[in-house]
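Novice: Questions regarding the structure given below will be posed in turn.
What follows draws every value from the coordinates through simple rules; no lab data is involved. Values in this document were obtained by computation on a predicted structure and should not be read as measured data. Virtual Cβ from ideal backbone geometry, glycine too; neighbours counted across all protein chains shown.
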There are 2 protein chains.
Amino acid sequence: MPYELENNAVLMPKPEKDVLDQYPLLIARLQESLPAESLVLDQDALAAFDSDALAGYHQKPMLVVLPGSTEEVAVTLKICRDLNIKIVPRGGGTSLSGGALPLADGIVLGLSRLNKVKDIDYANRCVVVEPGVTNQRITDVVAGNGFYYAPDPSSQIACTIGGNIAENSGGVHCLKYGLTTNNILGLELVTIDGDILQFGGKFMDDTGYDFLGLLTGSEGLLGIITEVTVRILKKPEVAKAMLVAFSCVEDGGRFVGDVIGAGIIPAGMEMMDSFALTAVDNYCQLGYPKDAGAMLIVELDGRRAEVDDLIQTVEAIANTNNATNIRISRDDQERETIWRGRKAAFPAVGSLSQDYLCMDGTIPRHTLPDVLNAMKEMSKKYGLDVANVFHAGDGNLHPLIMYNASIAGEQAKAEAFGADILKLCVEVGGVLTGEHGVGVEKRDLMETMFTDEDLKQQQRIKCAFDPNHRLNPGKVFPTLHRCAELGHMHVHKGSVKFPDLPRF
Amino acid sequence: MPYELENNAVLMPKPEKDVLDQYPLLIARLQESLPAESLVLDQDALAAFDSDALAGYHQKPMLVVLPGSTEEVAVTLKICRDLNIKIVPRGGGTSLSGGALPLADGIVLGLSRLNKVKDIDYANRCVVVEPGVTNQRITDVVAGNGFYYAPDPSSQIACTIGGNIAENSGGVHCLKYGLTTNNILGLELVTIDGDILQFGGKFMDDTGYDFLGLLTGSEGLLGIITEVTVRILKKPEVAKAMLVAFSCVEDGGRFVGDVIGAGIIPAGMEMMDSFALTAVDNYCQLGYPKDAGAMLIVELDGRRAEVDDLIQTVEAIANTNNATNIRISRDDQERETIWRGRKAAFPAVGSLSQDYLCMDGTIPRHTLPDVLNAMKEMSKKYGLDVANVFHAGDGNLHPLIMYNASIAGEQAKAEAFGADILKLCVEVGGVLTGEHGVGVEKRDLMETMFTDEDLKQQQRIKCAFDPNHRLNPGKVFPTLHRCAELGHMHVHKGSVKFPDLPRF
């Protein structure tokens, strides 16, 4: 019974009966072409793939393919093309926006078995991996030689590099070292037709359109990534963390702006509001300044001489902005203690609430105090608590909305609160997402940010890769146009006529 | 007589008679909609637009539009759409790959009058400008406050930011600070249909496809850029230059690899071979070590403490690699003296030769000595001298091939030599261009680098923006396919049928 539609999947498209009818043929074709271990057909086993990290949404796919090679990916896509089957790609399943949420009339293409590290090349400072390798493992394989992979999402132990590319993931250190898009050198892509393409590689490449950039952050709508070349960085000689407390978010917000304005780009600059601060300190007992209105963790890294010099400058800026408490790590152990609370912030908030919704929006740095205060007002209106733990340096907010899913209507209320926060982000000049992607979660908010013509131009790109919308449909775009509508083509007496093209 | 085809424009497409016949109507429509100062019709005045910095290619356009506002750009594009006229965008006209070479049956859309600095925002470290603002001017307007714009192509006094985006320009400092694509935060684009779209802006933006990346380096084939938001950086506290000489290119090449391998990213790392070195020293008398086989200029910048520390490390690496001469700048004046020779390298080589062709290809760093030696062999084969002055840190070569255009056949010989160099770049794992673009110059070499399926996927992107190929046709793509051929559409009984799309 692969046709069952979960009743909570309200955001997902209705399955098409003629696609569902292909099920027996699909299984036969896949079994003919793929080894048994590459197929998951058992209903209990499929349940493990029915959701990702977006709370409250479940849907079993028709079946799951776990290819063992690029060729198996290509074969699967060719079979899906022949039978008009939809494909939902999946990495580690940690998407917070529902990017890997299955379709009742589609397959899940899970890349977890493509988990080989294929090449470590120190001379060119890069590593070539398959997409199912976890983010953390890339750092692990080069750490012995003093290197690391910079983007570090909170889920780095579980999330895969393929998923990082799909969502253009960030992390604490992306303020200084960039998002995934700034750390990728090459990709291998299998197109919807099963063709295998290479983009970029180990060396500088400036020829042709920037497909690396285009594919990074495309949320699985353009093709299947089967190989990735990432840049690795030399671990800095020294890193120091500062903990800086302020009596109010206004002082903290001004401090952030002043540090950046002084030409200093810290390796990380994280902020917690008083709610998050209290939750974390109760959970971990780290001796955080509980009475503070806002607390910042600032990390500075580089050559020892440089870091010592920068610490002094940042300390002076903190004092100018009325810091009430400053602590500076003297060694790596103290640095880790300062960070421990930040890393435990989500579970700490989780311990206070049955359920929580982790939002992701980005705002101009100077609007930080206003947005945080507006959120307090919304919290009263909805009667739901909200804690803020976020990447202050680049204005990337992560409000955690607390609710109880077992109370009827409370999940919907939390989602409405979240949508209001994101609309506010767009209103003050920010955007809908910093690093979690649009997925299904923010799909219906896209129109608050983009005009109709913007969305059409985005869909023309989609059509250039996947004209029949079989790759991850139902994600990102609030409405799907037929590609023909977008193609500038003239319809003449019922048939499509293409204008004459220049002759060469 | 706007129909005249220059006889040396062998690489350009043949003009279409029915387009040329639109000339009187085009003039009438443009005169009706644009102020007189936005139109160039006079044949003598048009001669100033008949070429860019690619030597030996000339073609007068039908006419030139120099719009004074985004709205005038949109109006012009709508008129061109109605009359099926081609458009060649032009910035400062400094393209070395013929990116702004006009078409006999197209207009040139020159953005030079769109040269306003619209906003300087230090709090958000960015500047908003129109596309005709020169690269140098952006730095000039913020220099008083200690800021600068990082990418610095050699032509920075004349080239415009719009052209920099079209070609994804680099420069000496892009090793550390990135190419244009890494320094652009927002764009306004007028589409081929005259719609005005906004991408990115002053703040972090991770929503939707990476149009900023896609448009940067798209060589004027996707749309007209009418506004740009660039990132500005705080000028480093101190910068020091080192001049390091080696007896052979092998030692110099290994030194480059060892510096990068030690985790140091210099602000610039430039190399000259002995031919260039001698030419420069004869021209400027800077006391360069003339007997050296290779000379490097390494710039290190940052906090004073950091730079002092790095200089020592780089000096040690130089000594390990048998440096024959090391000089370190003690102040900014000495630093400028060290750089003066590098900046004069092109005119210095020019003084030795009637004409020269400046090539642009990129190779893996470890192949540097082999490629330089292979070029010497080619030089013998073609009987033409070649000098090498290049961005060694990122493997971006700029061979200068010397020839005399007044000797029949010698330009063709120089171009064949250049093509052989670029083919070699691709063969050793590099690419066709580092920062000059493909344009007409390297168009016919694209197939040495890309498969047919690669080129088709690139053209699907082109079709998503400009399905009738009216924007800068004849550039980048060796052959143009009709968009319909690329669209995965099924032809059924002579008419085009679109497969059913998922219903939402």
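Novice: Put a point 7 Å out from Cα along the line to Cβ at residue A:370; what are the distances to that point in the other copies, in nm, shortest first?
Specialist: Here the equivalent label points are 5.8 nm apart from this one.
Novice: Please state, as a whole number in µm²/s, the translational diffusion coefficient that the Stokes-Einstein equation yields for the range A:17-110 at 37 °C and 0.692 mPa s, with Rh defined as the Kirkwood radius across alpha carbon pairs.
Specialist: Calculated translational D: 247 µm²/s.
Novice: Which whole-number percent gives the relative contact order of the range A:247-331, counting Cα pairs below 8 Å spaced six or more residues apart?
Specialist: Values: 79 pairs, mean separation 33.1, N = 85.
Value for the range A:247-331: 39 percent.
Novice: Seen from all sides and averaged, what is the projected area of the convex hull of the Cα atoms in the range B:294-389, in nm²?
Specialist: 8.2 nm²
Novice: Output, in nm with one decimal and in ascending order, the distances from the residue B:41 label point to the matching label points of the other copies (7 Å from Cα along Cα-to-Cβ).
Specialist: Its label point is 7.5 nm from the equivalent points in the other copies.
Novice: Starting from the 7 Å offset along Cα-to-Cβ, what nm value, one decimal, do you get for the label separation of residue A:385 and residue A:82?
Specialist: Spacing of the two 7 Å Cα→Cβ label points: 5.7 nm.
Novice: Which value results when the Cα radius of gyration for the range B:117-234 is divided by 2.2 N^0.38 Å?
Specialist: With N residues counted in the range B:117-234, Rg over 2.2 N^0.38 Å equals 0.98.
Novice: While we're here: Full-extension gain between residue A:452 and residue A:420, please, as 0.36 nm times their residue separation minus the C-alpha to C-alpha distance.
Specialist: So the chain would gain 9.4 nm between residue A:452 and residue A:420.
Novice: Something else: Taking Cα pairs under 8 Å and at least six residues apart, what relative contact order does the range B:22-122 come out at, in percent?
Specialist: Relative CO of the range B:22-122 lands at 32 percent.
Novice: Now, a different point. Charges at C-beta only: +1 for Lys and Arg, -1 for Asp and Glu. How large is the resulting dipole of the protein assembly as shown about its Cα centre, in Debye rounded to 20?
Specialist: It works out to roughly 360 debye.
Novice: Still on this model: At q = 0.05 Å⁻¹, what log₁₀ I(q)/I(0) does the protein assembly as shown have when each alpha carbon counts as one equal point scatterer in the Debye sum?
Specialist: Log10 I(q)/I(0), no solvent term: -0.31.
Novice: Per residue of A:454-467, count partner chain C-beta atoms within 10 Å of its C-beta, then hand back the mean as an integer.
Specialist: Per residue, the average neighbour count from other chains is 6.
Novice: Just subtract the alpha-carbon distance of residue A:158 and residue A:198 from 0.36 nm times their residue separation and send over the number in nm, one decimal.
Specialist: Contour length minus Cα-Cα distance gives 11.8 nm.
Novice: Can you give me the relative contact order of the range A:254-399 as a percent, contacts being Cα pairs under 8 Å and 6 or more apart?
Specialist: Relative contact order of the range A:254-399: 34 percent.
Novice: Follow-up. So if we plug the beta-carbon distance of residue B:291 and residue B:405 into 1/(1 + (r/R0)^6) with R0 = 30 Å, what FRET efficiency do we get, rounded to 0.05? Don't skip to the end; give the middle numbers.
Specialist: Details: r = 33 Å, r/R0 = 1.09.
Step by step, r from the Cβ atoms, then E = 0.40.
Novice: Testing the spin-label approximation: label points 7 Å from Cα along Cα→Cβ at residue A:235 and residue A:482. State their distance in nm.
Specialist: Result: 5.9 nm between the two label points.
Novice: What order do you get for B:207, B:313 when you list them from fewest to most C-beta neighbours inside 10 Å?
Specialist: Values: B:207 24, B:313 15.
So the ranking, lowest neighbour count to highest, is B:313, B:207.
Novice: Now a separate question. Any idea what the residue B:351 label distances to the other copies are, label 7 Å down the Cα→Cβ vector, nm, shortest first?
Specialist: Result for residue B:351, in nm, nearest copy first: 7.4.
Novice: Check each of the trypsin sites (Lys or Arg not before Pro) in the range A:296-392 and keep only those in coil by DSSP with at most 10 other C-beta atoms within 10 angstrom; list them in order.
Specialist: A:330
Novice: Calculated FRET efficiency, residue A:374 and residue B:44, Cβ-Cβ r, R0 60 Å, to nearest 0.05?
Specialist: The pair residue A:374/residue B:44 has a calculated efficiency of 0.45.
Novice: Peptide B:360-367: average number of partner chain Cβ atoms within 10 Å per residue?
Specialist: Mean inter-chain Cβ contacts per residue within 10 Å come to 3.
Novice: Related question: Over the residues of chain A, compute the C-alpha Rg and express it relative to 2.2 N^0.38 Å.
Specialist: 1.02
Novice: Against the empirical 2.2 N^0.38 Å scaling, what ratio does the C-alpha Rg of the range B:353-441 come to?
Specialist: Ratio of Cα Rg to 2.2 N^0.38 Å: 1.02.
Novice: Suppose the chain between residue A:354 and residue A:334 were pulled fully straight at 0.36 nm per residue; how much longer would it get relative to their current alpha carbon spacing?
Specialist: Full-extension gain reported as 4.0 nm.
Novice: On to the next question. Apply 1/(1 + (r/R0)^6) to the Cβ-Cβ distance of residue B:69 and residue B:444, taking R0 = 35 Å, and write down the FRET efficiency to the nearest 0.05.
Specialist: That gives a FRET efficiency of 0.40.
Novice: Per DSSP H run of n ≥ 4, the term is -39500 (n - 2.57); total these for chain A, divide by its residue number, and report the mean residue ellipticity at 222 nm rounded to 500 deg cm²/dmol.
Specialist: Value at 222 nm, helices only, nearest 500: -10000 deg cm²/dmol.
Novice: Over the whole of B:188-200, what's the average partner chain Cβ count within 10 Å per residue? Rounded to a whole number, please.
Specialist: On the way: counts 0, 1, 0, 5, 1, 2, 0, 5, 2, 7, 3, 2, 1.
Mean partner-chain Cβ count within 10 Å for B:188-200: 2.
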